[in-house]
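Have a look at the structure that comes next, please.
The values are calculated or read from the model by the stated rules, or taken from the named source; none is laboratory data. This structure is a prediction, so every number in the text was calculated from the model and none was measured. Cβ placement follows ideal geometry from the backbone for every residue including glycine, while neighbour counts extend to all protein chains displayed.
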Amino acid sequence: MMKSEKRKDYTLEIRGPEGGDILLVITGRIVLSNLHQVTDDLRTIPAEVAPSSLTVDLTGLDYLDSSGALALLHLKHEAEARSVPFEFIGMNSRVKGIMDLLHTVTVGAASAAPERKPAGLIEQVGEAGMKVAQDFVTLMSFTGALVTTLLYSAAHPRSVRWDDVLRNMKQVGVDGFPIVTLISVLLGLIMAFMSSLQLKQFGANIYVASLVSIAMVKELGPIMTAILVAGRSGSAFAAEIGTMVVNDEVNALVTMGFDPLRFLVVPKIIAAVVVVPLLTLYADAFAILGSLVVGVLGLDLTVYTYMQQIRITIDNYDVMTGFIKSLFFAFLVGGIGCHRGFQVRGGPESVGKATTSAVVSAIFLIILADSIFAIVLHYLERK
Amino acid sequence: MTEQATPVIVVEGLTARYDDRSILENVSFRVFQGERFIILGGSGCGKSTLLKHLIGLYRPYSGHILVNGIDIATHDEENLVKARMNIGVLFQNDALFGSMALYENVALPLREYTDLSEGIIEQIVRMKLELVRLGGYENHFPSELSGGMRKRAGIARAMALDPQMLFLDEPWAGLDPITAAELDILVRSINTGIGATMVIVTQELASIFAVGQRVIMLDKEARGIIAEGDPVVLRKESADPRVVNFFNRRTA
């Protein structure tokens, strides 16, 4: 038997004169695993042998799967396209069953659905522009809805799910402590070290304290904390809400008479707005601690003079503006995270996109808001 | 028929547990070549657990499962891949890849496991989709299809490699009666046409009678099989009240 041979577990035998009535005897197995070879062998037959009629004997066929049947039917189509009379003989009940099944389908029919062609340049630019505009509109209406819901919650504190607020505060704040600590200490250390290299040359060692504290408290503290929160929690908000949208959980909330904004978003926003400013102060403190290490060990300053210098440099106004900035950032990060979550349509891959978009948009908004703050605060200060 | 007598799945003394919660105790049965075999039972009786053991996703706590003579719990990777090539699975929530169009979903295993040219793969994929009456939906994404269409697309993907066995987990769940009846016909025609053995987990009464040739019924309390045989015969002749209640849709 041919079966023992692994490479070729079928045989094709052509009986009859070239150009005459041909009998093709197929034995063995025609299956997916040898289909490659079978199609190669079969393809040549109608063209090269040029039979006046073709009869295919399947009596010796041990096994045929649907892919194999497809190849045989293809042979038939090809023969018929050349107006060669064609016939299968010797089909057993199994082979007949599979052939009949395939006869019910129109093999090789062109796809009715139009191919999704990649759009042209102008179309793409237009689409991208429309998308940005549309995104802006939905973001604005979301912001409006969110603000009214928050005002409602402020007027009706009992309607807020405080358990959820606490859970989110833990997730955004407490669970974020390790990474915020690590990054702020290192940032303080690096800034102090790099600036000390320069300032040392002028004997201005003490101004390292001023530099680090101003940079951290006014700018880097709020921004860095907000970006960390965007990466840790903004993405989590988007993924959580997005998954709930995919699973129809949000629809379930609506039909049960809950406002998804009040139920899902308000606790997250409250938690973020409460926790992020505190996290920012914490980051400021640890950055200063990091720079203090450099100041004391590397610049021979005492702890007292170092702290005194910081007290002179930083006043309450600076701390307050940093605090207020981080409050806004928290609102932006939480809001955009939830918004992207609600924008999820379709399946899991859309949740992934929403999560990415939540982080990217949050970072963009943080920087944008910070620039606005810089200009506004500059003019406020001059008065 | 002679080939009906060849067992393709042999389960012997299977015990399934989650941690120390026992789901199935000492279950043994056989599935024969080419038959439509149905696993049924009430909610929480371990139907899906049993199916996941049969396809090798869970390892038995004790006992053996032989699929085509290969122990599905084997650690021999080569054997396991061979065993898995021979089975196709439709999961309960269809588990189509949402990031791929239907065509890609079905073509994926063909590209991975065969060296066929893209032209032949395209023909095969088209044929499978036509078989489940989804011709023309090649470029649709799963999220754009209805539940019944996704079920059929899942079957097309399960059949991609022409497996000798198809496992269907709750294929009728969530379908309207007409769509469900169409699926009955589809399952039967694929079974008789391709000759694939079918193992189906369901509790859809109408479809059990329309499709099932032999059933086993599991029970939560008994943690095992309480009835085995032709569903029509079981409904008429079983003396077990649990079986009678199930088939006649009565409460205990």
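From the list A:146, A:150, A:199, which one is in a helix (DSSP H, G or I), free of Cβ contacts under 8 Å to residues at least 60 places away in the same chain and not basic (Lys, Arg)?
A:199
Just need a number here: residues in the stretch A:79-100 that are of a type outside the set (Ser, Thr, Tyr), away from chain B (no Cβ under 14 Å) and outside any helix (DSSP H, G or I).
Final tally of qualifying residues: 8.
Look at the stretch B:130-144 and say how many of its residues are in a helix (DSSP H, G or I) and either more than 9 Å from chain A (Cβ to nearest Cβ) or more than 18 Å from residue A:68 (Cβ to Cβ) (or both).
So the count comes out to 3.
Considering only the stretch A:310-322, I want to know if a residue exists there that is among the small types (Gly, Ala, Ser), away from chain B (no Cβ under 14 Å), closer than 21 Å to residue A:180 by Cα and assigned to a helix (DSSP H, G or I). Spell out the reasoning first.
Residues of the stretch A:310-322 that are among the small types (Gly, Ala, Ser), as a first pass: A:322.
So of that shortlist, the ones also away from chain B (no Cβ under 14 Å) come out as A:322.
Subsequent filtering for residues that are closer than 21 Å to residue A:180 by Cα retains A:322.
From what is left, the residues that are assigned to a helix (DSSP H, G or I) are A:322.
Taking every residue of the stretch A:310-322 in turn, at least one turns out to be among the small types (Gly, Ala, Ser), away from chain B (no Cβ under 14 Å), closer than 21 Å to residue A:180 by Cα and assigned to a helix (DSSP H, G or I).
Out of B:161, B:166, B:186, B:234, I need the residue that is surrounded by fewer than 21 Cβ atoms within 10 Å (Cβ to Cβ), more than 26 Å from residue B:21 (Cβ to Cβ) and of a type outside the set (Ser, Thr, Tyr). Which one?
B:186
Looking at residue A:247, is it touching a residue at least 60 places away in the same chain (Cβ under 8 Å) and either surrounded by fewer than 17 Cβ atoms within 10 Å (Cβ to Cβ) or in the same structural domain as residue A:297 (by TED's automatic domain parsing) (or both)?
Taking the combined requirement at face value, the residue does not satisfy it.
Need at least 1 residues that are farther than 18 Å from residue B:156 by Cα and at pLDDT 85 or above per element, so show me which strands (runs of 3 or more DSSP E) inside the stretch B:35-128 make the cut, counting only ones lying wholly within it.
Those strands (runs of 3 or more DSSP E) span B:36-41, B:62-67.
Among residues belonging to the stretch A:306-344 that are out of contact with any helix residue (DSSP H, G or I) (no Cβ under 8 Å at 6 or more places or on another chain) and polar (S, T, N, Q), point out the one that is surrounded by the most Cβ atoms within 10 Å (Cβ to Cβ).
The selected residue is A:308.
Please specify each residue of the stretch B:101-121 satisfying the condition of being surrounded by fewer than 16 Cβ atoms within 10 Å (Cβ to Cβ), within 11 Å of chain A (Cβ to nearest Cβ) and more than 23 Å from the chain's Cα centre (by Cα).
B:115, B:117, B:119
Among (1) farther than 29 Å from residue B:70 by Cβ; (2) within 14 Å of another protein chain (Cβ to nearest Cβ); (3) at pLDDT below 85; (4) buried (at least 17 other Cβ atoms within 10 Å of the Cβ), which single condition is residue B:195 missing?
With (1) farther than 29 Å from residue B:70 by Cβ; (2) within 14 Å of another protein chain (Cβ to nearest Cβ); (3) at pLDDT below 85; (4) buried (at least 17 other Cβ atoms within 10 Å of the Cβ) applied to residue B:195, the lone miss is (1).
May I pose another question? Looking at (1) buried (at least 20 other Cβ atoms within 10 Å of the Cβ); (2) in contact (Cβ under 8 Å) with a residue 40 or more places away in the chain; (3) closer than 24 Å to residue B:25 by Cβ, which one does residue B:214 not meet, given that it meets all the others?
(1)
Which one of these is part of a helix (DSSP H, G or I), assigned by TED's automatic domain parsing to the domain that holds residue A:312 and among the small types (Gly, Ala, Ser): A:209, A:204?
Only one candidate passes the filter, namely A:209.
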